[in-house]
Amino acid sequence: MKSIHEYLDDCLEKWSGDPYIYTKTDSGFVSRTFKEIISDARALAAAIYNGDANRRIYIYAENSAEWLICDLAAMGYSGICVPLDKEWTAFDLENVLSRDEKGVFFYAESKSETVDKIRNNFRGLSFYSIEKDLPSLIQNGGTLTLPPQNDLDKTVKIIFTSGTTARPKAISLSQRNMLSNSKALFERTPMDHSDKDYLFLPLSHVYAGVTNFLYTLISGMRIYLCRDLREINQDVISIKPTVVCTVPIMLSAMHRLMTDELLDALRQVRYFYIGGSTSDPDLKDWFLQRGVTILEAYGTTETSVIAVSKIVNGKAESTASLLEGPAVKIINADENGIGEIIVSGASVSAGYLDFPDNSRYFDENGYFHTGDLGRLDGEGHLYLAGRKKRVLDTSDGNNVYADEIENMLKESPLINSAKVYIEDGEITASVFADLKAHTRGEIKNYVSTVNDKLPKFKRIRTLHITDDKLGGRLK
């Protein structure tokens, strides 16, 4: 297996002047070549490198070519990339940045208002606007060269599980973790320089950041970046991509707005991966029956992709099959064979950073305990059956943990107990309070302050308030 630096060298040798990243403008898609992207990444790495290869380099922005340049600069040469969800609030950022005051922080101008709220609390960080500062940094880096990060087991990326809790878990990922399953994936679904990859999922998630982006360095495929989620159907029709990663909510949206022209374009997608959360089997079958190559994919941030549907006799199977390489077991199975999915192998993270209870998730035999429930059949097909943990199924690929929001609600003396769940497709909270001591208005105001700390996809949309006559905290 090669390092990111070596894959970049390969790209320059094979496809230097060919288009690589396409960004949408009002007049259409504009491309930048492999050489332009890679040269800018290396120049940026040289400009920000301070001799500490473990310095964290944060990215807080929407998807863009510049996002990809920052990512490559960090992972390939100058430190550890820490992508942050573009929906995070100042509260979320402070939770994460409280661990580090020596890094580099790249942010989009659209996020400047949020960044200004926390900037003075982290004077040790170097803040750079992507739009205003990145061009001069790249120019200053010029043609300076850096020693590449060729240690495949060194941490080069950190993904935070959430910004909502006081101490979100930081997942350490090495180049080996992210790239080791690529060979098996490419054998299952061969991709090459002729392919067109359409990317609309957030790069801050490992699904898009690794499978949708990093693997393009191996295949040399072109990447088309979505400008606006409302333009996805239009983009698919005009681009006619051959590789797409999606999540169930996007599949539902496509189905809802389906046209003959869109269906024809989707039939030309060679590999239409769907992952992030459990998909509706009836909806998936609707696409499969109409000749769309829907490939069920399964993996976690801690394991990378470990299962993908096979294509048999030109048709995609409806269920994911284990990739060759990772070791997958089902433990504590019930009478139906359903138990917790655990995974070991080169793609599995070394563990959570600065986390006191790693052994709860990473056991002594090298297996990561996913918290997902499923069963395996004799042919290696993996059938998902929900979660051990209470993760709210929002169907958009984001992990929303009910207990995190519940704990935030219960921090107030106004609320004795709280339950967070999905109702009519929306995040809903039922809170129990002593309505003799507190008014409904006070409780609603407090819930509003909690929502202000949450990114949009985690906010409580419906609130039920119940009088807790006992006035005591329920467990």
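A few remarks follow.
- Tail weight of P(r) past 14 Å, computed on alpha-carbon pairs of region 1-59, percent: 66
- Put simply, when 415-427, 135-147, 338-350 are sorted by average Cβ atoms within 10 angstrom per residue, most first, you get 338-350, 415-427, 135-147.
- By average C-beta atoms within 10 angstrom, highest first, the peptides 281-292, 68-79: 68-79, 281-292
- Rounded, prolate or oblate (a/c below 1.5 giving rounded, otherwise prolate when a/b exceeds b/c) for region 1-117 by Cα gyration tensor: oblate
- Simple Cβ-charge dipole of region 268-369, Lys/Arg +1 and Asp/Glu -1, about Cα centre, in debye nearest 20: 600
- Of all accessible heavy-atom area on region 199-343, the percent that carbon and sulfur account for (1.4 Å): 49
- Anchor LYS310: aspartates and glutamates whose Cα lies under 14 Å away (excluding residues fewer than 8 positions away in-chain): GLU187, GLU296, GLU324, GLU379
- Each principal axis of region 309-440 carries a Cα extent, and these read 66, 37, 29 Å when sorted largest first.
- For region 185-308: rounded, prolate or oblate by the Cα gyration tensor [a/c cutoff 1.5]: rounded
- Global size of the chain: 22.7, 74 Å for Rg and Dmax (C-alpha atoms, Rg to one decimal, Dmax whole).
- Alpha carbon centroid spacing (whole Å) that separates region 348-380 from region 189-245: 29
- Where GluC sites (Glu not before Pro) fall in DSSP loop in region 78-156, at most 15 other Cβ within 10 Å: GLU101
- Protection-proxy order for peptides 359-370, 198-209, each taking the mean of Cβ atoms within 10 Å per residue, highest first: 198-209, 359-370
The values are calculated or read from the model by the stated rules, or taken from the named source; none is laboratory data. Computed from a predicted model, the values in this text were never measured in an experiment. Note: ideal-geometry Cβ built from the backbone for every residue, glycine included; neighbour counts use all protein chains shown. With ligands, DNA and RNA removed, areas are computed over all heavy atoms of the protein, side chains included. Shrake-Rupley method; radii C 1.70, N 1.55, O 1.52, S 1.80 Å.
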